Amino acid sequence: MSANLDSCRGIHHDQTLSVRLRDRLWPGRSDPLPGPDSYAVTVGAQVLIVEDDRMLAGVLASYLTKAGHQVALAADGSEAVTTWQRTVPDVVLLDVMLPTLSGLEVLRRRRTAGDHAAVIIISARGDESDRLVGLEIGADDYVVKPLSPREIVLRVQALLRRAEQLTGSRLRERSLRLGDAEIDLAARTAARHGEPLGLTSREFDLLAFLAGHPGETFSKAALLNRVWGWDFGDNSTVTVHVRRLRQKLEDDPSDPRLVLTVGREGYRAARGDELV
């Protein structure tokens with residue numbers, strides 16, 4: 001009897017939590033939030049959720065765990081730095097407005113330290129300037145609140161899937177070259193003259209994709225689809241990542257030789273005969 005009562009209490013708690021979260025994220029919405037049971041379990045990744053809203057963090061953790069991932073939590077900027085170092089996550093969901101340290105400062109410190117984990121910024125600030133700042137610092141994606149837990153799961157899995165596809169589809173080759181840059185697909189690293197380029201996960205994906213298709217032009221929309229796995233999105237995401245990639249890859253980023261702009265809307269990797 002007590003077990004049944006505890007079960008009923010648990011169901012009631014989950015339903016209450018769902019309603020409270022729904023009211024916070026989608027004011028005026030009356031339908032219940034979809035449950036995490038709708039997701040197929042995938043190969044698990046380590047995900048760090050940095051969010052001071054503990055209710056939201058708990059719901060995101062529930063969805064991601066159900067999708068097969070291991071989840072760690074941090075509720076402020078200082079805790080985020082130490083937990084990030086300790087857990088070595090594959091993906092980080094990073095709120096911007098945090099106690100002790102802002103999410104952007106956390107990201108800046110980890111990128112400066114050479115950490116290349118994929119980062120999805122979660123923010124209530126959706127202006128283009130805010131998104132560009134986050135991407136410039138080294139975020140791979142930027143999601144504006146109110147958000148859908150289902151969308152977050154799909155974005156995490158898209159990040160992981162694209163990284164696996166871009167590496168695995170050419171794994172037999174083991175490596176690629178673009179000019180004097182050597183790209184190790186298995187290790188997901190790139191170097192010039194033996195010096196690591198320090199690419200983020202998304203910068204590596206972009207470089208590997210373009211280097212794997214030398215001379216072929218891709219629009220920004222096509223790159224969003226082929227590298228990010230998105231059917232739609234903000235083209236400025238591609239622009240920022242190309243600029244950051246050039247800063248690490250090119251001798252003169254203002255006059256690139258390896259990653260070229262085609263017209264106003266596309267990019268391509270230089271062919272070998274153009275680099276002789």
Residues located in segment 94-126, provided they are farther than 15 Å from Leu48 by Cβ, in contact (Cβ under 8 Å) with a residue 40 or more places away in the chain and of a type in the set (A, V, I, L, M) = Met97
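Limited to segment 266-275, what total is found for residues that are outside any loop (DSSP other than H, G, I, E, B) and more than 17 Å from Phe218 (Cα to Cα)? Explain how you work it out, then say what you get.
Narrowing segment 266-275 to residues outside any loop (DSSP other than H, G, I, E, B): 266-269, 272-274.
The next check asks that each one be more than 17 Å from Phe218 (Cα to Cα); those that pass are 272-274.
Total meeting the criteria: 3.
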Looking only at segment 240-252, and only at residues there that are within 17 Å of Phe204 (Cα to Cα) and surrounded by fewer than 17 Cβ atoms within 10 Å (Cβ to Cβ), the one that is farthest from the chain's Cα centre (by Cα) = Gln247
Within the bounds of segment 194-211, is there any residue that is of a type in the set (D, E, K, R), farther than 26 Å from Tyr142 by Cα and surrounded by 15 or more Cβ atoms within 10 Å (Cβ to Cβ)?
-> no
How many of the residues making up segment 102-160 are basic (Lys, Arg), under 22 Å from Ser78 (Cβ atoms) and outside any helix (DSSP H, G or I)?
-> 1
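Can you tell me how many residues within segment 224-239 are buried (at least 21 other Cβ atoms within 10 Å of the Cβ) and touching a Leu at 6+ places or on another chain (Cβ under 7 Å)? Spell out how you get there, then give the answer.
First, the residues of segment 224-239 that are buried (at least 21 other Cβ atoms within 10 Å of the Cβ): 227-228, 237-238.
Filter again for touching a Leu at 6+ places or on another chain (Cβ under 7 Å), leaving 227, 237-238.
Looking only at that region, the number is 3.
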Only one of (1) within 15 Å of Ala269 (Cβ to Cβ); (2) crowded, with 21+ Cβ neighbours inside 10 Å is not met by Gly215, so which one is it?
-> (2)
Kindly list the number of the only condition in (1) closer than 18 Å to Arg268 by Cα; (2) modelled with pLDDT of 90 or more that fails for Val227.
-> (2)
Residues of segment 227-265 being in contact with a helix residue (DSSP H, G or I) (Cβ under 7 Å, 6 or more places away or on another chain) and in a strand (DSSP E or B), which ones?
-> Val259
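The values are calculated or read from the model by the stated rules, or taken from the named source; none is laboratory data. For clarity, every value in this text was computed on a predicted model and none was experimentally measured. Cβ: placed from backbone, ideal geometry, glycine included. Neighbour counts: every protein chain shown.
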